[in-house]
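Where a number appears in this text, it was derived from the coordinates with a stated rule and is not lab data. Everything numeric in this text was worked out from a predicted model, so none of it was measured. Here the Cβ positions follow ideal geometry from the backbone for every residue, glycine too, while neighbour counts run over all protein chains shown.
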Amino acid sequence: MPPFEKIEYKPVTVREVLREMKNLSELMIDLAYSAALFNDKDLAEDVLELEKRIDTLAYHLEMTTMVAARDAKDAEALVGVSKVAAAADKISDAAADIAAIVTQNIGVHPIVSEIFERVEERLTKAKVDEKSVLVGKEIGELKLAPRMGVDIIAIFRENDWIINPKNREKVKAGDILIARGTHEGLKELKELCEGKLEKLED
Amino acid sequence: MAEKRTKKFEEIVERFVELKDTSELMIDLAYSSLLLNSKELAEEVQRLEEYMDKLHTEFELQVLSSKFKREEAKGFLGLIRLGVVTEKIADAAAQIAEVVLRGIEPHPVLALAIEEAEETITYTKVTENSPLANKTLREAKIPEETGMWILAIKRGEKCIRPKPDTIIHVGDILIASGYAEGEEDLQKLAAP
């Protein structure tokens, strides 16, 4: 068993922790499905790591809400926060369950992955060709979210995963990008990666 | 014969994708119900949760009746487990919606956290001069224009699930999810 992180009370900003829990739990779901479909153990391990992070956040959040409630009225106001945090935690557990399918070598049949990639419209994987206009650009400057409603959630480069890449991260030829977003946006991104589309439209 | 099998697999995977998409829609709707403190949306989440239960059972029966070859079985065990996970996600969404249905006034930090998240939820009322008014969702091309997708439409007390031929009315409240950057574009379209 891996050691659990020791928990000590420290005051946290409820808003920030909730936001991080929401962001992370949703990111984890997409990463976990990607890990299952592309049968990628490293990515699955990363999901399990993120799950530990959420668990720790959940502890801190719960202690902070406990300390914040001074009377019955506070308790009524805060119980919703606590329930929502628990739900985000549950979603991250679900993502970890998906990751475990991969780490325990159960996997998903290649036929399933193949069909899935065809029918699922919110998640895609694309390899960056050397002639792609994206090469050498920072993720932030590509403005993918406002332009086409997509977000790059992970990059596979030199046998390693970069999870939730930062805006300053540069796209390199040979990168495998995992992205989520609207169907139309993902199609566009794929064509940009493959070099079929040579210009970023506004 | 091989073709027939592939078609069967295709049906199974399609049903799974429906489970997956529904469970994720439920999360977005559940957060929306908190953000708007809307019982209608929260009830929609609960309805979807019941629908998920039914869909999940159908999915499992379909997998069980597929007579896999031994070497295929493991790969489909993975798929069955994925199905179980979608249920867990749906439960979590229902749990969020329950907060609203219990009559707990959502604490302001909840709305702040949802609005500040990377994938945000937003809502906007369609005004009379909006180019969206009286268009179908297909014609309105909201995802192409704004990068936001419509989760639900609130029309008075009713909550409508969007379909391509749903017509947008003046006064509708569009509830949408996407990256924060698209929010302003949607506002401009709905209420210019």
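Restricting attention to region B:78-122, which residues are out of contact with any Lys or Arg (no Cβ under 6 Å at 6 or more places or on another chain) and over 21 Å from B:THR22 (Cα atoms)?
B:ARG102, B:GLY103, B:ILE104, B:GLU105, B:PRO106, B:HIS107, B:PRO108, B:LEU110, B:ALA111, B:GLU115
Yes/no per residue for (1) more than 8 Å from chain B (Cβ to nearest Cβ); (2) surrounded by 20 or more Cβ atoms within 10 Å (Cβ to Cβ):
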| site | (1), (2) |
| --- | --- |
| A:ILE111 | no, no |
| A:ARG118 | yes, no |
| A:GLU121 | yes, no |
| A:LYS125 | yes, no |
| A:VAL128 | yes, yes |
| A:LYS137 | yes, no |
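Can you name every residue in region A:11-29 that is in contact (Cβ under 8 Å) with a residue 40 or more places away in the chain and at the interface with another protein chain (Cβ under 9 Å from one of its Cβ atoms)?
Scanning region A:11-29 gives A:VAL14, A:VAL17, A:LEU18, A:MET21, A:LYS22, A:SER25, A:GLU26, A:LEU27, A:ILE29.
Could we say that B:THR22 is within 23 Å of A:ASP97 (Cα to Cα) and of a type in the set (S, T, N, Q) here? Write out each step before concluding.
Working: within 23 Å of A:ASP97 (Cα to Cα): yes; of a type in the set (S, T, N, Q): yes.
Here the answer is yes, as B:THR22 does meet what is asked.
For B:THR127, state whether it is surrounded by fewer than 21 Cβ atoms within 10 Å (Cβ to Cβ), more than 7 Å from chain A (Cβ to nearest Cβ) and in contact with a Pro (Cβ under 9 Å, 6 or more places away or on another chain).
When the stated conditions are applied, B:THR127 passes them.
Return the residue satisfying two criteria in turn: it lies in region A:177-192 and is among the charged types (D, E, K, R) and more than 7 Å from chain B (Cβ to nearest Cβ), and of such residues it is surrounded by the most Cβ atoms within 10 Å (Cβ to Cβ).
First pass over region A:177-192, keeping only residues among the charged types (D, E, K, R): A:180, A:184, A:187-188, A:190-191.
Filter once more, keeping what is more than 7 Å from chain B (Cβ to nearest Cβ): A:180, A:187-188, A:190-191.
Details: A:ARG180: 24, A:LYS187: 15, A:GLU188: 22, A:LYS190: 18, A:GLU191: 14.
Here the residue is A:ARG180.
Residue by residue, here is whether (1) exposed (fewer than 15 other Cβ atoms within 10 Å of the Cβ); (2) aliphatic (A, V, I, L, M); (3) in a helix (DSSP H, G or I) holds:
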residue: B:LEU77; (1), (2), (3): no, yes, yes
residue: B:ILE80; (1), (2), (3): no, yes, yes
residue: B:ILE89; (1), (2), (3): no, yes, yes
residue: B:VAL100; (1), (2), (3): no, yes, yes
residue: B:VAL109; (1), (2), (3): no, yes, yes
residue: B:THR122; (1), (2), (3): no, no, no
residue: B:ILE153; (1), (2), (3): no, yes, no
residue: B:ASP165; (1), (2), (3): yes, no, no
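Kindly provide the set of residues from region A:63-105 that are acidic (Asp, Glu), assigned to a helix (DSSP H, G or I) and more than 9 Å from chain B (Cβ to nearest Cβ), ordered by number. If you could, list the steps in order and put the result at the bottom.
We begin by selecting, within region A:63-105, every residue acidic (Asp, Glu); these are A:71, A:74, A:76, A:89, A:93, A:97.
Those left that are additionally assigned to a helix (DSSP H, G or I): A:74, A:76, A:89, A:93, A:97.
Residue satisfying the conditions is A:ASP74 alone.
Quick check on A:GLU45: is it under 23 Å from the mean Cα position of the chain (by Cα), assigned to a helix (DSSP H, G or I) and surrounded by fewer than 21 Cβ atoms within 10 Å (Cβ to Cβ)? I'd like the intermediate steps shown before the answer.
Numbers: under 23 Å from the mean Cα position of the chain (by Cα): yes; assigned to a helix (DSSP H, G or I): yes; surrounded by fewer than 21 Cβ atoms within 10 Å (Cβ to Cβ): yes.
So A:GLU45 fits the description; yes.
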